[in-house]
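Have a look at the structure below, then the notes.
The values are calculated or read from the model by the stated rules, or taken from the named source; none is laboratory data. If you're wondering where the values come from, they're calculated on a predicted model, not measured in any experiment. Quick reminder, even Gly has a Cβ in these numbers, built from the backbone with ideal geometry, and neighbours come from all protein chains shown. Note: accessible area is taken over every heavy atom of the protein model, side chains too, but ligands, DNA and RNA are not part of it. Shrake-Rupley method; radii C 1.70, N 1.55, O 1.52, S 1.80 Å.
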Amino acid sequence: MKETQLSIKITEYANLLELNTTDSELVKQAMAISENAYAPYSNFKVGAAVLLKNGEIITGTNQENAAYPSGLCAERTALFYANSKFPDVPVLAIAIVAKSNNVFTEQPIGPCGSCRQVIFETETRFKSPIKIIMVGTKKISVIENAKSLLPISFSENDLK
Ligand code: THU
């Protein structure tokens, strides 16, 4: 028998002022776009901002639907659009914010499992780590790559 213990590094910041300018700008854009979320069923508005290696920032929000499973999270809305518009440009970072009943959450929210899978594949595809910046009003948690959030992952290699 063999046991393996996994650990991930999470860097926590008290507020936006502690972030570098690039990350802080990304968070601000995620906050601004969150208002555009279409979330009439959950009243949980999520904003995501994706930084590309060419300097572009692509934003997205969650889009719900009366047929609930038809909706999509903010992270995938932003990433799929980024990968559609700039299919050859690596993604460097993604900032995620959420508002519950129009108030930004105190604690950061982590991307859901499906979003982790998509962020992870984007990271693998471009062979370039994606920094994940999860934002709450009480703290901001940063993880250096998607693999850390999805350690036992399924990827294209498993299809071979
Ligand atoms: N949601 C996101 O957009 N991103 C996440 O990481 C978690 C959940 C959305 C999906 C749904 O519209 C609402 O938040 C409540 O789950």
| Per residue, in Å², the accessible surface of the chain once ligands and nucleic acids are set aside, probe 1.4 Å | 56 Å²
| remark: Among 127/147; 99/139; 53/131; 28/139; 9/99, the pairs whose Cα-Cα distance exceeds 18 Å are 9/99
| request: Please report, as a whole percent, how much of the solvent-accessible surface of the chain comes from carbon and sulfur atoms (probe radius 1.4 Å). | output: 53 percent
| request: Could you order 56, 123, 156 so the one with the most accessible surface comes first? Probe is 1.4 Å. | output: 156, 56, 123
| Between residue 102 and residue 144, what is the spin-label point distance in nm, taking each point 7 Å from the Cα along the Cα→C-beta axis? | 4.2 nm
| message | Students sometimes get this wrong: rank 116, 76 by accessible area, probe 1.4 Å, all chains present, largest first. | response | 116, 76
| What accessible surface, in Å², does a 1.4 Å probe find on residue 31, ignoring ligands, DNA and RNA and rounding to the nearest 10? | 50 Å²
| Got a number for the accessible area of residue 126? Probe 1.4 Å, square angstrom, nearest 10. | 40 Å²
| For the pair residue 53 and residue 6, what calculated FRET efficiency results from E = 1/(1 + (r/R0)^6), where r is the Cβ-Cβ distance and R0 = 35 Å, to the nearest 0.05? | 0.80
| Per Stokes-Einstein, at 10 °C and 1.306 mPa s, what whole-number D in µm² s⁻¹ belongs to the stretch 74-160, with the Kirkwood radius over Cα pairs as the hydrodynamic radius? | 117 µm²/s
| How high is the relative contact order of the chain, in percent, counting Cα pairs under 8 Å that sit 6 or more residues apart? | 23 percent
| task | Please report, in whole Å, how far the alpha carbons of the stretch 32-78 spread along each principal axis, starting with the longest. | result | 37, 19, 10
| request: May I ask you to list the residues of the stretch 27-42 whose amide nitrogen lies under 19 Å from a point 7 Å from Cα along the Cα→beta-carbon direction of residue 66? | output: 38-42
| message | Suppose the Debye formula is applied to equal point scatterers at every Cα of the chain; what is log10 I(q)/I(0) at q = 0.11, 0.13, 0.15 Å⁻¹? | response | -0.42, -0.59, -0.78
